[in-house]
Amino acid sequence: MPYSEFIEWIAYSRIEPWGDERADWRSALVASVIAEVNRGRTKRKKPYTPKDFLLNFEGPKRQTWQSQLQFVEMLNAAFGGEDRRRRTADGDAPGSTEAGR
């Protein structure tokens, strides 16, 4: 296939998409319609959209160790846990997200 024909196919696919991505959008549309007609208006006020059902193949975003530590500290406090890390001279736990506030 010559390069010029390849470029034409790319341009055409942008105008009229086909393939797996298009199939995912069709499936998401069907799922959103089914969910919408069965939605309890009192439980969920916001209507469903196809984006609510579209698959995400990128995976979760990477978290820093600081954000993970902050989440663990929040869970620990919410469940009445005790922070047993050694304290520094200023009273904060090493690596604590509480430091510097």
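The values are calculated or read from the model by the stated rules, or taken from the named source; none is laboratory data. Since we're looking at a predicted model, the values are computed, not measured. As a convention, Cβ positions derive from the backbone with ideal geometry for all residues, glycine included, and neighbour counts pool all protein chains shown.
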- Item | region 24-50, residues that are exposed (fewer than 12 other Cβ atoms within 10 Å of the Cβ) and either among the basic types (Lys, Arg) or at pLDDT below 90 (or both) | ARG26, GLY40, ARG41, THR42, LYS43, ARG44, LYS45, LYS46
- Only one of (1) part of a loop (DSSP other than H, G, I, E, B); (2) surrounded by fewer than 13 Cβ atoms within 10 Å (Cβ to Cβ); (3) of a type in the set (A, V, I, L, M, F, W, C) does not apply to ALA77, and that is (1)
- Using the structure shown, decide if ARG22 is touching a Pro at 6+ places or on another chain (Cβ under 9 Å) and of a type outside the set (A, V, I, L, M). no
